[in-house]
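The values are calculated or read from the model by the stated rules, or taken from the named source; none is laboratory data. If you're wondering where the values come from, they're calculated on a predicted model, not measured in any experiment. When we count neighbours, we look across all protein chains shown, and the Cβ atoms used for this are built from the backbone with ideal geometry, even at glycine.
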Amino acid sequence: MIEITLPDGSVRSYDNNITAMDVAKDISEGFARNVISAKFNDVTIETSTTLTTNGNLVLYTWREDEGKKAFWHSSAHILAQALEELYPGVKLSIGPAIENGFYYDIDLGNRSISDKDFKAIEDKMLEIARGKHEFKMKSVSKADALSLYKEQGNEYKVELIENLVDGEITFCDHSTFTDLCRGGHIPNTGIVKAVKILSVAGAYWRGDENNKQLTRVYGTSFPKQKELKEYLELLEEAKKRDHRKLGKQLELFTFSQKVGQGLPLWLPKGAALRARLEDFLKKAQQKAGYEMVVTPHIGQKELYVTSGHYAKYGEDSFQPIKTPKEDEEFLLKPMNCPHHCEIYNAKPFSYKELPKRYAEFGTVYRYEQSGELHGLTRVRGFTQDDAHIFCTTDQLDKEFKEVIDLVLYVFGSLGFENFTAQVSVRDLDTPEKYIGDPENWEKAEQAIINAAKDKGLNYVIESGEAAFYGPKLDFMVKDALGRSWQLGTIQVDYNLPERFDLSYKGSDNELHRPVMIHRAPFGSMERFVAILLEHTGGNFPLWLMPEQVIILSISEKYEKYAEKVLNLLENNEIRALIDNRNETMGKKIREAEMNKIPYMIIVGENEENENKISVRQHGGEDLGMISVEDFSKIVETEIHKTLKQFKV
């Protein structure tokens, strides 16, 4: 007999060699019909996998992320079979599950796939799915695996297998199709009821632009047609909210080929928006005891060698900048933290002077491949709302919790209410990815978990997601469309203080190492603005809007009154402008709506005679004719409702 522990803590005894699906059926036949994936002792398994030892079993349905992952991974296999049947001789490479779907990278030779071919691929996938073919895993020797793909002339699979360990290679079979695979499938193809091919794109093999460019086929699938329909409607809404489209429409930012890919140019309205975000955070930081610093855009290569960034990210950085002096090299700054370590090192500190909190809106540069650039969310030059806190170990818990408070204040003021905290820790199986003493890592990870518990955060622990120098608390925020984004991060670091030989004099008159907290509530200004644009659809909180009010006069006769209204609004610190173009009122109103301006004020004979204004809200609601003073109170109330007060 073996003992199986379920997520609720209950323990059930079974005969040896029972399967994960048998356990599901023992719980409930109805539940078992919905189970599509499983994990045993934190390892993804098939629902048909036999269990031979005691352990912890988790069963997943479509409702859980792990269930969706297995569903979409299995769908990628179905896509691969469909492509093989429709395009004989196609060479398959990799086909993982991704967020909201899957893709497969293929070498079509001289052929191509366009959107005209999508329906034929979808039809073939559904035909295969209806066969209800079981997914079956099998072990294959390295020699046999290589022989199979060499015979097919598939150099991509051969390269993958050459890097695998003999005895650990597995294939997955379904129907007449077989593929190199580590596992994690749904019970059979029949569970897939609805599919959609979304797009095709070019993708270099293994992400290296020196390799051949393959065709990447993106798709998604669902257990019900209704769910696919809802998802496609969501995609249409996402297209309308695309930050690249809205950024152009609202005149916030642009890009120039002459300036360079991935280097955004902020237009006046966008620059003003950024400035307001910066001022908003600066005021909160000032209350919390941060000091603003400024560091250069470059640093000597040796600085980043000391920090460890060059060894980890040197290949992804811009090439070193050489100077006339022999052997002198600089890098465009990829991180702000090494510079802040040197600021701390500029003078000695005693324990009475800690913590030191240095903040900077620092611009950094990283060389992203051109195919990975995407609007403001993936750029080569971006500004981080960076800060680094140097404190004693006794101060760590309090400082970390206060940073959590700051992040929650930012989210609350900008309408991000649905989020999960993710404690990102080391992957203990790959210690070579991290620097520093394992004992310090253990202390840092426990400090983050304790703080998350004490603050009552809804958190999960994710192995392998830590930074190379320390664990972190990442905030995974869901936007208005239900999409998840990583926004805001707090990291505990014992390693950089060691590498930069940072110290403070303790109460015992001895030198001690400070602990370092890295934090960025926005993450980067560019990415944050992009996500905020898509979350709000361009309808920012009123306090943040570039233009809060536009004044439209019925005719030239009332322009002087319009200017009087403008002055009164500006005296009340309301951002307004007058549209006095020689256009029809209807066109002016339509354009104000398109530009997402929250309020339109219309002035004419009646308004001037009564010394009032007619107010129309974005979206069409008419607030009637009121005084400027009453309108100012409406604006003030709305701002106070959304812009939270930061309390230390």
(message) I need a count of the residues in the range 61-74 that are surrounded by 22 or more Cβ atoms within 10 Å (Cβ to Cβ) and either touching a helix residue (DSSP H, G or I) at 6+ places or on another chain (Cβ under 9 Å) or over 24 Å from Phe177 (Cβ atoms) (or both).
(response) 2
(message) Suppose we filter Ser503, Ser553, Ser524 for residues that are among the polar types (S, T, N, Q) and at pLDDT 95 or above; which single one remains?
(response) Ser503
(request) Can you tell me which residue among Asn571, Asn580, Asn567, Asn609 is outside the structural domain of Asp405 (by TED's automatic domain parsing) and touching a residue at least 24 places away in the same chain (Cβ under 8 Å)? (result) Asn580
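Do we have Lys453 as more than 24 Å from Met335 (Cα to Cα), assigned by TED's automatic domain parsing to the domain that holds Ala530 and either without any contact (Cβ under 8 Å) to a residue 24 or more places away in the chain or surrounded by 20 or more Cβ atoms within 10 Å (Cβ to Cβ) (or both) here? Step through it out loud before you land on a result.
Details: more than 24 Å from Met335 (Cα to Cα): yes; assigned by TED's automatic domain parsing to the domain that holds Ala530: yes; either without any contact (Cβ under 8 Å) to a residue 24 or more places away in the chain or surrounded by 20 or more Cβ atoms within 10 Å (Cβ to Cβ) (or both): yes.
Here the answer is yes, as Lys453 does meet what is asked.
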(request) Output the qualifying pairs, or none if there are none: Cβ atoms under 9 angstrom, residues six or more apart or on different chains, first residue in the range 225-240 and in contact (Cβ under 8 Å) with a residue 40 or more places away in the chain, second residue surrounded by 14 or more Cβ atoms within 10 Å (Cβ to Cβ) and of a type in the set (Val, Ile, Thr). (result) Tyr231/Thr220
(message) For the range 28-45, check the following and say yes or no: at least one residue is out of contact with any helix residue (DSSP H, G or I) (no Cβ under 8 Å at 6 or more places or on another chain), surrounded by 18 or more Cβ atoms within 10 Å (Cβ to Cβ), closer than 29 Å to Tyr156 by Cα and among the aliphatic types (A, V, I, L, M).
(response) no
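When you look at Ile186, is it surrounded by 14 or more Cβ atoms within 10 Å (Cβ to Cβ), among the aliphatic types (A, V, I, L, M) and in a helix (DSSP H, G or I), yes or no? I'd like the intermediate steps shown before the answer.
Values: surrounded by 14 or more Cβ atoms within 10 Å (Cβ to Cβ): yes; among the aliphatic types (A, V, I, L, M): yes; in a helix (DSSP H, G or I): no.
In short, no.
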(request) Determine which member of the set Ile197, Ile128 is surrounded by 13 or more Cβ atoms within 10 Å (Cβ to Cβ) and in a helix (DSSP H, G or I). (result) Ile128
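Could you go through the range 95-102 and let me know if any residue there is within 20 Å of Lys150 (Cα to Cα) and not in a loop (DSSP other than H, G, I, E, B). Before you say what the answer is, go through the steps one by one.
First pass over the range 95-102, keeping only residues within 20 Å of Lys150 (Cα to Cα): 95.
Those still in the list that are not in a loop (DSSP other than H, G, I, E, B) too: none.
No, the range 95-102 contains no residue that is within 20 Å of Lys150 (Cα to Cα) and not in a loop (DSSP other than H, G, I, E, B).
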(message) Give me the strands (runs of 3 or more DSSP E) completely within the range 469-585, filtered to those with at least 1 residues that are touching a Cys at 6+ places or on another chain (Cβ under 6 Å) and within 30 Å of Tyr304 (Cβ to Cβ), ordered by residue number.
(response) 515-520
(message) Name the single residue that is nearest to the chain's Cα centre (by Cα) among those in the range 85-109 being acidic (Asp, Glu) and surrounded by fewer than 18 Cβ atoms within 10 Å (Cβ to Cβ).
(response) Glu99
(message) For the list (1) of a type outside the set (D, E, K, R); (2) in a helix (DSSP H, G or I); (3) at pLDDT 95 or above, I need the number of the one condition that Ala238 fails.
(response) (3)
